[in-house]
Amino acid sequence: FVDALGAGVSGLEPGQRVVLAPGVTAGDDEWTARGDDQLSPTYGILGETRDGTCTDFVVLPARNAIPLADAIDFPTAAAFPLVSLTAWNMVVRRARLEPGETVLVHAAGSGVSTMAIQIARLAGAARVLATTSSEEKAQRARDLGADEVVDYTDPDWSRSVKRLTNGRGVDVVIDHVGAATFAGSLKTLVRGGRYVT
């Protein structure tokens, strides 16, 4: 909740429900101006480079307080700033997913990946493929919008992805796993495809 406002702050009210965006910048440089806050030399993350997250009150720039609809509870809202923004940046800003493209999302049981599946679907992906390690996680990925799910514990998972795309491959790979999936991910991409990590 907003407790109090500093001088000149508008757009928020005391008592208003908000969720906090964890990335804090001075807000006055070229990176912040173009929406790339995480590239700013002044960027810091609450609880990591800036104190204040294990306290009852914290003083932040107003731009870090995102109004929260009454229908959204605080535990649900807590996932938005980090998980949702990470997935959004990967799918929309960095991969620049276009309607009609096919996307592969790794580690579909994770928070970032479950959001990436949904964002890819909402962004108009023709097909969303995912990797995971269990049928329970695979079903959850399907429920969230994945068309097909591949078991990444299978050493030939990249061949399965190619088979599911009739040998074409995917336009975009969303991979926050890293080294374990890198080589296989490259094998799944079409020529000119985009690999985002």
> Say the dipole of segment 1-72 comes from +1 at the beta carbon of Lys and Arg and -1 at that of Asp and Glu; which of 27, 43, 68 then lies farthest toward its positive end?
Replying inline: 68
> Of 92, 129, 117, which is farthest along the charge dipole of the chain in the positive direction, counting Lys and Arg as +1 and Asp and Glu as -1 at C-beta?
Replying inline: 129
> Could you give the length gained on full extension between residue 58 and residue 79, defined as 0.36 nm per residue of separation minus the Cα-Cα distance, in nm?
Replying inline: 5.7 nm
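With the cut-off at 1.5 for a/c, could you classify segment 150-197 from its C-alpha gyration tensor as rounded, prolate or oblate? Can you show the working numbers first?
Details: a/c = 2.09, a/b = 1.04, b/c = 2.01.
Since a/c reaches 1.5 but b/c is at least a/b, the shape of segment 150-197 is classed as oblate.
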>> Neighbour counts of other C-beta atoms within 10 Å: give me 59, 105, 172, 19 arranged from fewest to most.
In response: 59, 19, 172, 105
> Tell me, how many Å apart are the Cα centres for segment 21-87 and for segment 121-197?
Replying inline: 30
> Tell me, what ³J(HN,Hα) does each residue in segment 158-166 have, in order and in whole Hz, if you take phi through Karplus 6.51 cos²θ - 1.76 cosθ + 1.60 with θ = phi - 60° and put x for Gly and Pro?
Replying inline: 5, 5, 4, 4, 4, 4, 5, 10, 6
> Placing +1 at every Lys and Arg Cβ and -1 at every Asp and Glu Cβ, with all other atoms neutral, what dipole size does segment 66-162 have around its Cα centre, in debye to the nearest 20?
Replying inline: 360
>> Residue by residue through segment 55-71, what is 3J(HN,Hα) from phi via Karplus (6.51 cos²θ - 1.76 cosθ + 1.60, θ = phi - 60°)? Round to whole Hz and write x for glycine and proline.
In response: 9, 6, 9, 9, 9, 9, x, 4, 5, 8, 9, 9, x, 10, 5, 4, 6
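Which value, in debye to the nearest 20, gives the size of the charge dipole of segment 128-197 about its Cα centre, when Lys and Arg are +1 and Asp and Glu are -1 at the Cβ?
Values: 10 positive and 10 negative charges, 75 e Å.
Here segment 128-197 has a charge dipole of around 360 debye.
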> Nearest 10 degrees, 0 to 90: what angle lies between the long axis of helix 179-188 and the longest principal axis of the chain (Cα atoms)?
Replying inline: 60
> What percentages, rounded to whole numbers, describe P(r) for the chain computed over all alpha carbon pairs with 10 Å bin width beginning at zero?
Replying inline: 9, 30, 29, 20, 10, 2, 0
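Counting other C-beta atoms within 10 Å, which of 157, 88 has the fewest, and how do the rest follow? Don't jump to the answer; show the numbers that get you there.
On the way: 157 19, 88 16.
Least to most surrounded, the residues fall as 88, 157.
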>> Only four residue types carry charge here, +1 at the Cβ of Lys and Arg and -1 at the Cβ of Asp and Glu. Report the dipole size of the chain about the Cα centre in Debye, rounded to the nearest 20.
In response: 920
> What order do you get for 162, 187 when you list them from fewest to most C-beta neighbours inside 10 Å?
Replying inline: 187, 162
> Which residue, 77, 33, 146, has the most motion in a Gaussian network model of the chain that connects Cα atoms within less than 10 Å?
Replying inline: 33
> Counting Lys +1, Arg +1, Asp -1, Glu -1, what net charge surrounds residue 39 among other residues with beta carbon under 13 Å of its beta carbon?
Replying inline: -1
> For residue 147 and residue 33, what does the FRET efficiency come to when R0 = 30 Å and r is the distance between their Cβ atoms, rounded to the nearest 0.05?
Replying inline: 0.20
>> Projecting each Cα onto the charge dipole of the chain (Lys/Arg +1, Asp/Glu -1 at the beta carbon, about the Cα centre), which of 149, 176, 186 comes out farthest on the positive side?
In response: 186
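Only helical DSSP H runs with n ≥ 4 go in: add -39500 (n - 2.57) per run for the chain, normalise by residue count and round the 222 nm mean residue ellipticity to 500 deg cm²/dmol. Each step should come with its number before you reach the end.
Values: 7 runs with 54 residues, N = 197.
That comes out to -7000 deg cm²/dmol.
Read-outs throughout are calculated quantities, based only on the coordinates presented, and are distinct from any laboratory measurement. Note that the coordinates shown come from a computational prediction; the quantities given were computed from them, not determined experimentally. As a convention, Cβ positions derive from the backbone with ideal geometry for all residues, glycine included, and neighbour counts pool all protein chains shown.
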